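Reading through the structure tokens given below for one structure.
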Amino acid sequence: MDLIEVTEGRTTFRIPVQDPNSPFPPSSAPVFFNPKMAMNRDATVLLLSVLNPEEYLDTMGASGVRGLRVAGECRIPVVINDRDPAAADLIRANLAGAGLEGRVTVEDANVLLSRERFDAVDLDPFGSPAPFTDAACRSAKRYLFVTATDTAPLCGAHLKAGIRRYATKPLNTEYHAEVGLRILLGYVARTMVKYDRGLSPLFCFASAHFLRLHLQAEKGADAADRTVARLGFLYHCPSCPERTEEPGVLPHDHVCPRCGTTMLPIGPLWLGSLSDMALLDQMKERLPDLSLSTERRLGKLLDVLKVELPTSSHYDYHRIAKWIGGSPPAIDVVIARLIQTGYRASRAHYSGTALKTDAPLDAIAAALSAQ
Ligand SMILES: C[S@@+](CC[C@H](N)C(=O)[O-])C[C@H]1O[C@@H](n2cnc3c(N)ncnc32)[C@H](O)[C@@H]1O
Ligand SMILES: [Zn+2]
């Protein structure tokens, strides 16, 4: 295979030559590499530089870039796996080329994860992580990281696939990125708790083409029960912008208090916080130690996550403006007005028009129309 040298973060490695005009996706290359996932990898490198686990497993290594960066930029011992022997050869060559140590394994992910336990386990599959989640929950001692690129099933755009893979009921709404993230997290939580273990989200976010979870695993039935208590349902009115959330493992009937329509349940999904705020502060402090490109790619995300409310849905403020009839002021003005009125309000990290607030719809409408 023809190789080309690239640098990401502070790590230089080689990948198969990719024709930038090729109509085929990176997954058709002899060994996969997607430069658009640099920000996903940056996030993990930054987090790991704070968490400093004993060992990190890159379960689906491909070129090995993720594990290479963790080994080189965080100085954490790594195991890099891929079931494809061509990928394993490239990983070995890339470790040697970068002067880094690391164990390389060539196994099916579920076999490796079922046989060995690792302090931090990272799943970065093609598409859905669902086929690997059970084994990953058993293998991860303290940390579990998960990427999903099957955003359409998770967000409700491919409803049947979402139900099949995640045993949940998504719905395609304007806050689909939030729903996708919380359905994925809810699914991992439901998988983890059956082993009498719980989890806490450390740093979870949605991006245009993927969802990324960084989770801490917790020991014991009490931790599992606390995790179950954070599962619930969103109830969405199909006729007006009203929605509400409620904890629980089974959905209930809800009638829209505004228009009387039967509300649609979405879930089970994760309710509550998606990040550990103290950890985000530590990551922000650590950011200048990494590369400039990492700082550029992650700085804004961390700033928004630090103030983002943990509501499980948002309002698209353009839609609300259309609903009340009128042209809205800037979103920051609306947020400031809501806060002045005594409510909590913030942006969301995945959309410039997303408004998160605990204010009722009437108060939001007033903030949008106030002069
Ligand atoms: C999306 S790529 C990984 C990308 C890589 N982590 C990165 O950041 O560039 C998925 C990789 O998983 C490997 N893979 C697919 N199914 C697997 C399985 N069941 N066990 C182990 N590896 C698998 C593929 O060979 C491919 O290299
Ligand atoms: Zn309604």
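For segment 78-92, indicate whether the set of residues that are touching a residue at least 60 places away in the same chain (Cβ under 8 Å) and in contact with a Lys or Arg (Cβ under 6 Å, 6 or more places away or on another chain) is non-empty. No; the residues of segment 78-92 include none that is touching a residue at least 60 places away in the same chain (Cβ under 8 Å) and in contact with a Lys or Arg (Cβ under 6 Å, 6 or more places away or on another chain).
Conditions (1) surrounded by fewer than 18 Cβ atoms within 10 Å (Cβ to Cβ); (2) at positive phi; (3) of a type in the set (Phe, Trp, Tyr), marked per residue:
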position	(1), (2), (3)
Leu290	no, no, no
Ser293	yes, no, no
Gly299	yes, no, no
Leu302	no, no, no
Glu308	no, no, no
Thr311	no, no, no
Lys322	yes, no, no
Gly325	yes, yes, no
Ala330	yes, no, no
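State yes or no: is Ser239 under 24 Å from His209 (Cβ atoms) and not hydrophobic (A, V, I, L, M, F, W, C)? So Ser239 fails the test.
Scanning segment 161-194 for residues that are over 16 Å from the mean Cα position of the chain (by Cα) and among the hydrophobic types (A, V, I, L, M, F, W, C) gives Ala161, Ile163, Ala167, Leu171, Met192, Val193.
Contact annotation: residue pairs with Cβ atoms under 8 Å, 6 or more positions apart or on different chains, pairing a residue in segment 40-55 that is on the phi > 0 side of the Ramachandran plot with a partner that is aliphatic (A, V, I, L, M), are Asn52/Ile76. Arg296 meets all of the listed conditions (1) in contact with a Leu (Cβ under 9 Å, 6 or more places away or on another chain); (2) among the basic types (Lys, Arg); (3) outside the structural domain of Ala167 (by TED's automatic domain parsing) but one, namely (1).
Total residues in segment 197-230 satisfying the condition of being surrounded by 15 or more Cβ atoms within 10 Å (Cβ to Cβ) and among the charged types (D, E, K, R): the figure is 5. Of the residues making up segment 201-224, those that are under 12 Å from Thr44 (Cβ atoms) and among the charged types (D, E, K, R) number 1. In segment 231-245, the residue that is farthest from Asp316 (Cα to Cα) out of those that are crowded, with 20+ Cβ neighbours inside 10 Å and more than 8 Å from ligand 2 (Cβ to nearest atom) is Leu231.
Filter segment 337-346 for residues that are assigned to a strand (DSSP E or B) and touching an Asp or Glu at 6+ places or on another chain (Cβ under 7 Å) and give the result. Full working, then the answer.
At the first step, the residues of segment 337-346 found to be assigned to a strand (DSSP E or B) are 345-346.
Once the filter is applied, which keeps residues that are assigned to a strand (DSSP E or B) and touching an Asp or Glu at 6+ places or on another chain (Cβ under 7 Å), segment 337-346 yields only Ser346.
Restricting Leu279, Leu302, Leu274 to residues that are without any contact (Cβ under 8 Å) to a residue 24 or more places away in the chain, within 18 Å of the chain's Cα centre (by Cα) and under 29 Å from Tyr166 (Cα atoms) narrows the list to Leu302. Against the conditions (1) away from ligand 1 (no atom under 16 Å from the Cβ); (2) on the phi < 0 side of the Ramachandran plot, Leu211 satisfies every one except (1).
Between Arg258, Arg230, Arg243, Arg212, which is in the same structural domain as Thr133 (by TED's automatic domain parsing), among the basic types (Lys, Arg) and over 21 Å from Thr357 (Cβ atoms)? Spell out the reasoning first.
On the way: Arg258 fails: over 21 Å from Thr357 (Cβ atoms); Arg230 fails: over 21 Å from Thr357 (Cβ atoms); Arg243 fails: over 21 Å from Thr357 (Cβ atoms).
Exactly one of Arg258, Arg230, Arg243, Arg212 is in the same structural domain as Thr133 (by TED's automatic domain parsing), among the basic types (Lys, Arg) and over 21 Å from Thr357 (Cβ atoms), namely Arg212.
Could you please let me know if Leu250 is closer than 28 Å to Pro360 by Cα, in contact with a helix residue (DSSP H, G or I) (Cβ under 6 Å, 6 or more places away or on another chain), assigned by TED's automatic domain parsing to the domain that holds Val45 and more than 16 Å from ligand 2 (Cβ to nearest atom)? In short, no. Just one of the listed residues (Arg69, Arg103) is in the same structural domain as Leu144 (by TED's automatic domain parsing), surrounded by fewer than 19 Cβ atoms within 10 Å (Cβ to Cβ), away from ligand 2 (no atom under 16 Å from the Cβ) and of a type outside the set (Val, Ile, Thr), and it is Arg103.
The values are calculated or read from the model by the stated rules, or taken from the named source; none is laboratory data. Just so we're clear, the structure is a prediction, and the values are computed from it rather than from any experiment. Note that we place each Cβ from the backbone using ideal geometry, even for glycine, and neighbour counts take in every protein chain shown.
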